[in-house]
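Below: the structure, in structure tokens.
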Amino acid sequence: MTSRERVSAIIRHQPTDRMPIYGWLRANMTPQISEVYGSVEAFEDRFEFDLAHLFGGPSSVPWERITPGMTPGEYLDIPLSDPDDMAQYAALIKDINYFQGEKGRFVYMQTPGIFEPINGVFGIEEHLANLLLYEEELRLIYQRQVDWTIHFINNCLDLGVDMIHISDDWGGQHGLLFSPELWWRLIYPYQQMLCATVKARGAFVSLHSDGNNSQVLDGIVKLGFDVMHPYQESAGMSLERFKRDYRQHFTVMGGLDIQSTLGFGKLDFLREEITRVITQFADGGLILCTSHFVQDHCSVEELTFAYELIYGLVRE
């Protein structure tokens, strides 16, 4: 199987020749990996990564006009950027041609959600307060963000990406950042519009949401997400529960926790955890990936140890 075939099959709950593998390496580890391997691309080639996580295109928020202490009403007075400025997609087109065209990998596109992009405007604490104080204004803000993101999604799909990866952190370490009732009332309706847009195009849609989102897993299923990343065990998300109750609905991308497992120099524990997760999902349901960007306290030696083990185990 090719990488694109392998990843597509695992998402569709079909048999594959092996578990797909990936890792979020670039944000913090590029200099260290490049010193040893020459480049991150060389590391990815060495361990035959199956996916590529793409970034780029325009930002919805005109950051040069954002000021501290801005109110929701003031933000609504500022026009968003042009999602159809195709000059802003030049680097993305290059990446699609390289990773999908030359390398044959499954490419997924970082895409703003509803809640997370607005955190940058107000700050997360102020945003959470605004949920209680300015609900109607936030509804207008979320709708405007949805309208912008729908244009962005369609442009990315027109360029040929395999999956839209909606980034929208909702979880804290032990539960949601807000009540489930608020999520259903203020997040779900707008997220539904984004998922419906992707599904109407016949593409895959994935969710990135850190933390513990157990309280709204049924809502995530209802939204129609094909993939969930990271399904964070270190925040109390049980992979056993996923396999029992949700595996038929979506695939998890994760299993290698950077908060508790990778990057702490505990190689025996790291071996045990990698072996446990790969064995648990030997029959499908998982794209083996880090739970977030590998942190710079992880040595290249430990990273190599982890992926040499992963490379061998998924091929047994």
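Overview of results
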| item | result |
| --- | --- |
| Index of the failed condition, Y108 passing every other in (1) crowded, with 17+ Cβ neighbours inside 10 Å; (2) assigned to a helix (DSSP H, G or I) | (2) |
| Residue among L186, L217, L207, L182 that alone is at pLDDT 95 or above and not in a helix (DSSP H, G or I) | L207 |
| Within the range 258-313, tally of residues that are in a loop (DSSP other than H, G, I, E, B) and out of contact with any Pro (no Cβ under 6 Å at 6 or more places or on another chain) | 22 |
| The one condition in (1) part of a helix (DSSP H, G or I); (2) under 25 Å from L303 (Cβ atoms); (3) not basic (K, R) that G73 fails to fulfil | (2) |
| Residue, nearest to D85 (Cα to Cα), within the range 154-166, restricted to residues that are crowded, with 17+ Cβ neighbours inside 10 Å and out of contact with any Lys or Arg (no Cβ under 8 Å at 6 or more places or on another chain) | N155 |
| Those residues of the range 189-204 which are assigned to a loop (DSSP other than H, G, I, E, B) and either within 18 Å of H127 (Cβ to Cβ) or not basic (K, R) (or both), in sequence order | G202, A203 |
| Answer from T279, T261, T275 - the residue that is surrounded by 14 or more Cβ atoms within 10 Å (Cβ to Cβ) and either of a type in the set (V, I, T) or touching a Lys or Arg at 6+ places or on another chain (Cβ under 7 Å) (or both) | T261 |
| Exclusive hit being touching a helix residue (DSSP H, G or I) at 6+ places or on another chain (Cβ under 8 Å) and crowded, with 22+ Cβ neighbours inside 10 Å, set L239, L288, L309, L270 | L288 |
| Where a residue in the range 161-172 is of a type in the set (S, T, N, Q) and its partner, wherever it lies, is crowded, with 20+ Cβ neighbours inside 10 Å and not in a strand (DSSP E or B), with Cβ under 6 Å and at least six apart | S167/G113 |
| From the options Y311, Y231, residue that is among the hydroxyl-bearing types (S, T, Y) and on the phi > 0 side of the Ramachandran plot | Y231 |
| Enumeration of residues in the range 127-155 that are free of Cβ contacts under 8 Å to residues at least 12 places away in the same chain and more than 15 Å from P189 (Cα to Cα) | A129, L132, L133 |
| Residue among L286, L267 that alone is of a type outside the set (V, I, T) and under 17 Å from G23 (Cα atoms) | L286 |
| Selection within the range 159-179 - of a type outside the set (S, T, Y) and assigned to a loop (DSSP other than H, G, I, E, B) | G160, V161, D162, D168, D169, W170, G172, Q173, H174, G175, L177, F178 |
| Selection status of G73, exposed (fewer than 12 other Cβ atoms within 10 Å of the Cβ), farther than 21 Å from T275 by Cα and in contact with a helix residue (DSSP H, G or I) (Cβ under 7 Å, 6 or more places away or on another chain) | yes |
| Pair list, Cβ under 9 Å, 6 or more apart: the range 44-60 residue farther than 26 Å from R144 by Cβ and in a loop (DSSP other than H, G, I, E, B), other residue of a type in the set (V, I, T) and modelled with pLDDT under 95 | none |
| Index of the failed condition, G123 passing every other in (1) on the phi > 0 side of the Ramachandran plot; (2) touching a residue at least 60 places away in the same chain (Cβ under 8 Å) | (2) |
| Residue identified as closer than 27 Å to F43 by Cβ and in a helix (DSSP H, G or I) among N119, N154, N97, N130 | N97 |
| Test: residue in the range 17-33 that is among the charged types (D, E, K, R) and not in a helix (DSSP H, G or I) | yes |
| Identity of the residue in the range 291-305, closer than 18 Å to R276 by Cα and within 21 Å of the chain's Cα centre (by Cα), that ends up surrounded by the most Cβ atoms within 10 Å (Cβ to Cβ) | S291 |
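The values are calculated or read from the model by the stated rules, or taken from the named source; none is laboratory data. The model shown is predicted, which means the values in this text are computed figures rather than measured ones. Neighbour counts run over all protein chains shown; Cβ positions are idealised from the backbone, glycine included.
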